[in-house]
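Student: What follows is a structure written as structure tokens; I'll ask about it next.
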Amino acid sequence: MPLPKLSPLQSRLAASLIASAMLVILYFAISWPHFAYAAEVDSIRPEDHNHERLLETPYLDLDYEDIELRELSYEAEFIGFDRGIIGRATTDPTPMINNVAITTNIPQGQVMFYLFTNASLWADKSPETPGLPSPIILNRRSFDTSAGEDPVTKDEDVNDDSEDGEGDEQDQGLRLQPRQSTTDQRTLYITVTTCTQPTSNTTTDPAPQLQLYVSQSKNNTNPGPGQNSDLQDMMELDQGYALYELNATGNVYMGIYAKNDSTYSGTYNAQIAASIDKPYHYYWNSSDPNLFVADSDANSALLFTDPLIANSSNTTLYEEWMNITPPFQIFASDSGSNSIMGLQNSYCGLQTNAQIVASRAGQTTSQIVTGMTDIGVGTLPKQQFYVTGLGAGKTYNVALAMSGNSTASGDGVVGGGGQVFKMTTFDTLQSDNCAVIYGLSFCNQVAYAVPTNPNTFPNMSTLAAYYDNATAYNYGIFKKVLAQIPCDTTSSAQYSLARNCTSCDAAYKQWLCSVSMPRCTDYTSTFSWLQPRAQGQPFPNGTFLDPATLKFVNNSAALNGSRNASIDTSVVPGPYKEVLPCEDLCYNLVQSCPASMGFNCPQPGDVGFNESYGLRPITGADVNGRFANHTCNFPGLVYFKSAGSLALPSQIVVVATFVVLGLTLM
């Protein structure tokens, strides 16, 4: 059928209609909203599950006025090539949440950027979890864990003219403190810790420390090297840790920069956290390590924290500390290893790299046994660590630490990133004829190394049982003698107005445990206060001292044998040196017991005194008033203090030495 013939006017009309229809189709093709599946935020459609996801609270509660709108840009991606070759990594900062750490890898020569928004800065503070029974106080400074208090170390009657004068200067090296905040400012704590770092095959020095850059300027949202120094602050980490405090008024921009050093290979792994509550990570920047070695032998060491309360008069607080799950842990490494060099102030650095840890992800060790104890002067609660599996004659670096805030850790927890105390050191003995014992039933204050022979006593429990049972037997004889004293009588009829039978019992037990279990150390030790013992005996491996020494000591009972003959016959430790009991143990015994018992003590300068008793140190205390040298011994000794010593006056008049119950006071 032939098409109708149109007039010129009809042809022009048809062409116009066809063109108009094409334009309409093209318009709808471009603008029709349902060609791409989308939903507008202000048009709620419950049946649209994808739309509901758009309405959910975002991972970070952002202030939309603070979001910088950027134009979309094309970034090419090809198989076999990464963006580091064909393009640059985005400079958009990673948003941060209050008390949530971000763990990231930082290649050498690069900067990672972060943002803490104004909305997060002025959000409600996080609820605190229950902490320790009482604040920890170190060197007159405390880290208060009570709610509502400024968490940063506060002076506890600190004397500005202290001898060391290093406290404030050291603090400035680890953190920058803000000026006093006002109502339009809020303190923000930014912490960075290095978990792992690049290594080198050509040097034992640690890799360069990371650098933290902080800016509050909208003109410097990517702080780092090369930016205007007037618009940012830079802080270099110290041993893997930095704490930066600032009074913030709005968005805070951060950058972590890793220096590029061709001597090292690998990347850094670090954590960064921001908190409006308290530092998420914390390093106790104090000369006080809060950890002290009581004694060691060739393959183990016994360490204690400082007393956790000042006195035991508050029985409720004492019981809370004694019943708490041990809150502390320790990290240790052989000083010859560089595994923790450059990371000593970082919790995650120590957790990841220390040779000796209580536990590690996917791994649990049995090298550390810990618990709460009240051993020592004043029977104050402290935490004890018994570390085994050590090497003979080595020096170890060790740090006390705490996971989180002691009761909780991790994201969302105030202080959840862990705490680290100043690192300290201890040495192990070279010989195996001294062994640490602790946890005895009778002499429950004894916690140090005693003479041993590994061929006779292969483990600590059998050795401890031998000494404890022998001492308890001798104590039983003393109790029979004490029972003949009229203790339950009127005060006027008692043997002393100042002491009683209870005092005598305690003084005798302390003295007896000390002399029955001599404190033992290496025969090769050269400290002047040590007394050589059992030099005529063979070492556990069967060897003897040289013939000249044997000839010399053959005529001296003090040098040729032990303090107690039973040690030479039952233990047979071989040559060792003894840390002598403190002289005041004997004086206290004489003062506390009836004169009828016949206890007397030698005075310094008397024959036999130097082989029987030692003197407490009077010089050489550290900045915290502690004497590290054990110049004499008593049960429960961890360290001597320069003030408040328990030493008794030496002016007591005595003229002789007596043998009592088979043990001499010598």
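The values are calculated or read from the model by the stated rules, or taken from the named source; none is laboratory data. Please read these numbers as outputs of a predicted model, since none were measured by experiment. Positions of Cβ are backbone-derived with ideal geometry, glycine not excepted, and every protein chain shown enters the neighbour counts.
Student: With more than 22 Å from Q197 (Cβ to Cβ), surrounded by 20 or more Cβ atoms within 10 Å (Cβ to Cβ) and polar (S, T, N, Q) as the only criterion, which of N353, N433 stands out? Break it down into steps so the answer makes sense when it comes.
Tutor: Values: N353 fails: more than 22 Å from Q197 (Cβ to Cβ).
When all the criteria are applied, what remains is N433.
Student: Residues that are free of Cβ contacts under 8 Å to residues at least 12 places away in the same chain and part of a strand (DSSP E or B): does the range 268-287 have at least one?
Tutor: From the range 268-287, those free of Cβ contacts under 8 Å to residues at least 12 places away in the same chain are none; that's our starting set.
No: zero hits.
Student: Related question: Output the residue which, of all residues in the range 456-473 that are surrounded by 12 or more Cβ atoms within 10 Å (Cβ to Cβ) and part of a loop (DSSP other than H, G, I, E, B), is modelled with the lowest pLDDT.
Tutor: T456
Student: Is there a residue in the range 261-278 that is in the same structural domain as I106 (by TED's automatic domain parsing), crowded, with 23+ Cβ neighbours inside 10 Å and hydroxyl-bearing (S, T, Y)?
Tutor: yes
Student: So, in the range 396-409, exactly how many residues are in contact with a Gly (Cβ under 8 Å, 6 or more places away or on another chain) and either farther than 18 Å from T325 by Cα or not in a loop (DSSP other than H, G, I, E, B) (or both)?
Tutor: Taking the range 396-409 and keeping what is in contact with a Gly (Cβ under 8 Å, 6 or more places away or on another chain), we get 401-409.
When the remaining residues are screened for being either farther than 18 Å from T325 by Cα or not in a loop (DSSP other than H, G, I, E, B) (or both), the result is 401-402.
Counting residues in the range 396-409 that are in contact with a Gly (Cβ under 8 Å, 6 or more places away or on another chain) and either farther than 18 Å from T325 by Cα or not in a loop (DSSP other than H, G, I, E, B) (or both) gives 2.
Student: Looking for something more than 42 Å from the chain's Cα centre (by Cα), surrounded by fewer than 15 Cβ atoms within 10 Å (Cβ to Cβ), free of Cβ contacts under 8 Å to residues at least 40 places away in the same chain and farther than 30 Å from T379 by Cβ - is there at least one such residue anywhere in the range 517-535? I'd like the intermediate steps shown before the answer.
Tutor: As a first pass, look at the range 517-535 and keep what is more than 42 Å from the chain's Cα centre (by Cα): none.
Looking through the range 517-535, none of the residues is more than 42 Å from the chain's Cα centre (by Cα), surrounded by fewer than 15 Cβ atoms within 10 Å (Cβ to Cβ), free of Cβ contacts under 8 Å to residues at least 40 places away in the same chain and farther than 30 Å from T379 by Cβ.
Student: Name the strands (runs of 3 or more DSSP E) wholly within the range 184-236 that hold at least 3 residues that are within 30 Å of the chain's Cα centre (by Cα) and crowded, with 18+ Cβ neighbours inside 10 Å?
Tutor: Values: elements: 186-196, 211-215, 233-236.
So the answer is 186-196, 211-215.
Student: In addition: Please determine whether any residue of the range 395-407 is farther than 30 Å from N633 by Cα, free of Cβ contacts under 8 Å to residues at least 40 places away in the same chain and surrounded by fewer than 22 Cβ atoms within 10 Å (Cβ to Cβ). Walk me through how you get there before you give the answer.
Tutor: The first filter runs over the range 395-407 and keeps only residues farther than 30 Å from N633 by Cα, leaving 402-407.
Still in the list and also free of Cβ contacts under 8 Å to residues at least 40 places away in the same chain: 404.
Applying the additional criterion that residues be surrounded by fewer than 22 Cβ atoms within 10 Å (Cβ to Cβ) yields 404.
Within the range 395-407 (the criterion being farther than 30 Å from N633 by Cα, free of Cβ contacts under 8 Å to residues at least 40 places away in the same chain and surrounded by fewer than 22 Cβ atoms within 10 Å (Cβ to Cβ)), the answer is yes, since at least one residue qualifies.
Student: Let me ask you something else. May I ask you to verify whether V623 is among the β-branched types (V, I, T), in contact with a strand residue (DSSP E or B) (Cβ under 9 Å, 6 or more places away or on another chain) and not assigned by TED's automatic domain parsing to the domain that holds G376?
Tutor: For V623, the condition - among the β-branched types (V, I, T), in contact with a strand residue (DSSP E or B) (Cβ under 9 Å, 6 or more places away or on another chain) and not assigned by TED's automatic domain parsing to the domain that holds G376 - is not met.
Student: Let me ask something else about it. So which pairs qualify, if the first residue must be in the range 332-347 and free of Cβ contacts under 8 Å to residues at least 60 places away in the same chain, the second must be buried (at least 18 other Cβ atoms within 10 Å of the Cβ) and assigned to a loop (DSSP other than H, G, I, E, B), the Cβ gap must be under 8 Å, and the two must be at least 6 apart or on different chains?
Tutor: S339/A354; I340/A354
Student: So, of the residues in the range 489-516 that are among the hydrophobic types (A, V, I, L, M, F, W, C) and in contact with a strand residue (DSSP E or B) (Cβ under 9 Å, 6 or more places away or on another chain), which turns out to be surrounded by the most Cβ atoms within 10 Å (Cβ to Cβ)? Write out each step before concluding.
Tutor: Taking the range 489-516 as the starting set, the residues that turn out to be among the hydrophobic types (A, V, I, L, M, F, W, C) are 493, 497-498, 501, 504, 506-507, 511-513, 515.
Remaining after also requiring in contact with a strand residue (DSSP E or B) (Cβ under 9 Å, 6 or more places away or on another chain): 511-512, 515.
Values: W511: 27, L512: 22, V515: 23.
For the range 489-516, the residue satisfying everything is W511.
Student: How do the pairs read when you match residues in the range 607-628 that are at positive phi with residues anywhere that are modelled with pLDDT of 90 or more and not in a strand (DSSP E or B), using Cβ under 6 Å and keeping only pairs 6 or more apart or on different chains?
Tutor: Hits for this filter: G608/P602.
Student: Let me ask another. Quick one: which of A248, A294, A310 is among the aliphatic types (A, V, I, L, M) and surrounded by fewer than 22 Cβ atoms within 10 Å (Cβ to Cβ)?
Tutor: Numbers: A248 fails: surrounded by fewer than 22 Cβ atoms within 10 Å (Cβ to Cβ); A294 fails: surrounded by fewer than 22 Cβ atoms within 10 Å (Cβ to Cβ).
None of the other options fit; the residue is A310.
Student: Hey, another quick one. Looking only at residues that are part of a loop (DSSP other than H, G, I, E, B) and touching a strand residue (DSSP E or B) at 6+ places or on another chain (Cβ under 6 Å) in the range 288-302, which one is nearest to N397 (Cα to Cα)?
Tutor: Restricting attention to the range 288-302, the residues satisfying the condition of being part of a loop (DSSP other than H, G, I, E, B) are 288-290, 297-299.
Checking which are touching a strand residue (DSSP E or B) at 6+ places or on another chain (Cβ under 6 Å) leaves us with 288-290, 297.
Working: D288: 15, P289: 12, N290: 14, D297: 16 Å.
Taking the candidates together, the pick is P289.
Student: Right, here's the next one. What residue, of Q384, Q445, is in a loop (DSSP other than H, G, I, E, B) and out of contact with any Lys or Arg (no Cβ under 6 Å at 6 or more places or on another chain)?
Tutor: Details: Q384 fails: in a loop (DSSP other than H, G, I, E, B).
That would be Q445, the only listed residue that is in a loop (DSSP other than H, G, I, E, B) and out of contact with any Lys or Arg (no Cβ under 6 Å at 6 or more places or on another chain).
Student: In addition: Taking the range 465-506 only, how many residues are more than 17 Å from Q591 (Cα to Cα), in contact (Cβ under 8 Å) with a residue 12 or more places away in the chain and touching a Cys at 6+ places or on another chain (Cβ under 9 Å)?
Tutor: Selection size over the range 465-506: 5.
Student: Output yes when any residue across the range 582-595 is assigned to a loop (DSSP other than H, G, I, E, B), out of contact with any helix residue (DSSP H, G or I) (no Cβ under 7 Å at 6 or more places or on another chain) and under 25 Å from T526 (Cβ atoms), and no when none is.
Tutor: no
Student: Residue by residue through the range 363-404, note down the ones that are farther than 24 Å from I137 by Cβ and of a type in the set (A, V, I, L, M, F, W, C).
Tutor: I368, V369, V387, L390, A392
Student: For the range 540-584: of the residues being hydrophobic (A, V, I, L, M, F, W, C) and in contact with a Ser or Thr (Cβ under 7 Å, 6 or more places away or on another chain), which is nearest to Y467 (Cα to Cα)? So that I can check it myself, show each step before the final result.
Tutor: Initially, the range 540-584 is screened for residues hydrophobic (A, V, I, L, M, F, W, C), giving 544-545, 548, 550, 552-553, 557-559, 565, 567, 571-572, 579-580, 582.
In the following step, the residues that additionally are in contact with a Ser or Thr (Cβ under 7 Å, 6 or more places away or on another chain) were identified as 571-572, 579-580.
On the way: V571: 10, V572: 13, V579: 17, L580: 17 Å.
Only one residue fits best here, namely V571.
To keep it simple, each residue is scored yes or no on (1) within 22 Å of T526 (Cβ to Cβ); (2) among the hydroxyl-bearing types (S, T, Y).
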position: V387; (1), (2): no, no
position: V398; (1), (2): no, no
position: S406; (1), (2): no, yes
position: V414; (1), (2): no, no
position: Q419; (1), (2): no, no
position: M423; (1), (2): no, no
position: T428; (1), (2): yes, yes
position: S441; (1), (2): no, yes
position: A447; (1), (2): no, no
